[in-house]
Amino acid sequence: TPPERIRNFCIIAHIDHGKSTLADRMLQLTGVVEDRTMRAQYLDRMDIERERGITIKAQNVRLPWSHEGTEHVLHLIDTPGHVDFTYEVSRALEACEGAILLVDAAQGIEAQTLANLYLALDKDLHIIPVLNKIDLPAAEPDKYAAELANIIGCEPGDVLRVSAKTGEGVRELLDQVVTQVPPPEGDSDAASRALIFDSVYDTYRGVVTYIRVVDGRITPRERIKMMSTGATHELLEVGIISPEPKPCKGLGVGEVGYLITGVKDVRQSKVGDTITAQHHGAAEPLAGYREPVPMVFSGLYPMDGSDYPDLRDALDKLQLNDAALSYEPETSVALGFGFRCGFLGLLHLEITRARLEREFGLELISTAPNVVYEVFLEDGTELLVTNPSDWPTGAKIAEVREPVSKVTVIAPSEFIGAIMELCQSKRGQLLGMDYLSEDRVELRYQLPLGEIIFDFFDGLKSRTRGYASLDYEESGDQAADLVKVDILLQGEPVDAFSAIVHKDAAYTYGNKMATRLRELIPRQQFEVPIQAAIGSRIIARETIRAIRKDVLAKCYGGDISRKRKLLEKQKEGKKRMKTVGRVEVPQEAFVAALSTG
Ligand code: GTP
């Protein structure tokens, strides 16, 4: 297809504003999916995506569309909507010339609408503003058209109105994509260059890499080179998606499709990398490739210790499809053998955990998430701490630096006070505030990432009755007064509960964990002190009193079979007991203490 008849576009939207539903309608209207095989959210292939109704991996599809008698090819690049996947969104945007900015006509602009809009403007994409869900009785299209027009600087009349549910307005929207979005530009005679904007692992075919050709042509059987690593591969297959993969004879300037090289690991086919021909390839890669950097770390442990090898296999498999997931073995006194895992953010953690449980049938415990701290010692050593257990003890700390984020919160203005209070309690600094309309406001804060991943989102939701939306992006680091709080049982530290917290929050954390453990750990034959400590300084203490001797009397007497049963039961119970010093603690107690937020 000649570039002048190609249009590459994406849909950007806040979560739940109807992106996938709109994509479904487009598949149907262009005849790519027949009505009888249509199923909701066709492009969201992963079960977990379907269930949670969120898009995790970008998918793309080729749509034929006839406009004023000329056949066009529209490539719809589906992008993930969530903050954790900003890098994937920005790569997907790189593959487009235009973006449909989709906004729920009953909700208006939300935090991720803005975040994605700014990314799109950054890439100079043509923006088509669209209000969705106009069929809803609660829709206020006039109000939100004004809001949208105000933000992107167009006339309210330029804002299209559709219902992805009923299909109303979607035909006109596809026509507007043809007339408004510029066709791709590129040099068909130049050395080939293609951008990888997604790669997924397929059990049968290995890694499937999604590309957008910028210059030249990519053809099957040629040898290609990954420009970030210099690795070379033979192209076993090149094809388009419409909506199932179909092999083709090659992809030219502006075209979007997939390729297969037989590699088994998505880390060899990196999102953001440039592909060129091995011989007479391009000299310069396309702009900006970035390694995914894990921002949030948590320990993952199998509930049943004998599942450890299964957990390792499952993580190996997930990593084939998720270049951003990192992990290494770790052991914990309280929880046994597990893995220290690195994630892009909290949602990434949650999704990974859910997939491990769902797809691999594992029952897991995760420790409280933490961020990466840079610790400078007085003797000049510098440490990167991703795990509270790596916090230096003994050595004198000169400075600790923690990652900070720029946070955008959008909410009805009646909640301004509550939001400010929350942000201040999390060491936030107000950067600015703007009214989107009379009764809705955008607040911008700088907040430590460590505070955001802890329970910020829950706090925000409960203080705003669910009306606030949140987005954040990393913005460097700052010096902070942080300490490590240990929780001790009879003087022995319980590693899974150690946390790095701000000095002012240490007492609260220590007290909360000590109280919780006192309630959860059964009484023993001796008194068990529970302490919270910073180094050798005790900051909180609770005591589990000793059990009274006569309770044990129950174990004597009675018939022999009952006794044996009792013993068996005890043995069963023993397996799940973790011993900390002399104290036996049912694993359930640890799990409960970790899971109550
Ligand atoms: P993510 O993929 O998670 O970012 O969400 P999304 O933006 O793709 O939203 P999705 O298409 O899953 O739609 C969210 C909800 O809104 C679903 O329950 C849809 O059925 C509903 N919905 C989408 N479009 C319309 C519409 O035009 N009218 C009405 N009434 N409901 C809609």
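Observations on the model:
- Amide hydrogen neighbours beyond the local backbone of residue 99, cut-off 5 Å, H modeled: 10, 126, 127, 128
- Diffusion constant of the range 418-460 at 37 °C, which comes from Stokes-Einstein with the Kirkwood Cα-pair radius and 0.692 mPa s, µm²/s: 300 µm²/s
- The range 199-355, accessible surface, carbon-and-sulfur percent (1.4 angstrom probe): 53 percent
- Distance in nm between pseudo-label sites at residue 265 and residue 414 (7 Å out along the Cβ direction from Cα): 5.5 nm
- Spin-label pair residue 538-residue 377: with each label point 7 Å from Cα along the Cα-Cβ axis, the two points sit 2.9 nm from one another.
- Tensor-based shape of the chain (alpha-carbon gyration tensor, a/c under 1.5 rounded, otherwise prolate or oblate): prolate
- Take the chain with all the other protein chains still there, run a 1.4 Å probe, and you get 45 Å² of accessible area per residue.
- Computed over the range 241-318, the P(r) curve from all C-alpha pair distances, binned at 5 Å from the origin, holds 3, 9, 12, 17, 17, 13, 10, 8, 7, 4, 1 percent per bin.
- Using the Cβ of residue 71 as centre and a radius below 15 Å, the other residues enclosed give a net charge of -1, where K and R count +1 and D and E count -1.
- Extension gain, residue 190 to residue 547, is 120.4 nm, computed as 0.36 nm per intervening residue step minus the present C-alpha separation.
- Between the helical axis of 503-520 and the longest alpha-carbon principal axis of the chain there is an angle of about 60 degrees.
- Once the Cα atoms are used to define both axes, helix 416-425 deviates from the longest principal axis of the chain by about 50 degrees.
- All-pairs Cα distance distribution in the range 90-133, expressed in whole percent, bin size 10 Å: 30, 53, 17, 0
- Under-5 Å amide H pairs with residue 273, H placed in peptide plane, nonlocal only: 196
- log10 of Debye I(q)/I(0), alpha-carbon scatterers only, for the range 363-453 at 0.15, 0.17, 0.25 Å⁻¹: -0.72, -0.81, -1.17
- Computed log10 I(q)/I(0) for the range 213-285 at 0.14, 0.17, 0.23 Å⁻¹: -0.40, -0.61, -1.15, from the Debye equation with unit scatterers placed on every C-alpha and solvent omitted.
- Taking amide H positions as modeled 1.01 Å from N, with prolines and chain starts lacking one, the residues under 5 Å from residue 265 and 5 or more places away or on another chain are 207.
- The slack between residue 202 and residue 165, meaning 0.36 nm per residue of separation minus the straight C-alpha distance, is 10.2 nm.
The values are calculated or read from the model by the stated rules, or taken from the named source; none is laboratory data. Predicted, not measured: the structure shown is a model, and the values here were computed from it. When we count neighbours, we look across all protein chains shown, and the Cβ atoms used for this are built from the backbone with ideal geometry, even at glycine. Just so you know, the surface numbers come from the protein's heavy atoms only, side chains and all, with ligands and any DNA or RNA stripped out. Shrake-Rupley method; radii C 1.70, N 1.55, O 1.52, S 1.80 Å.
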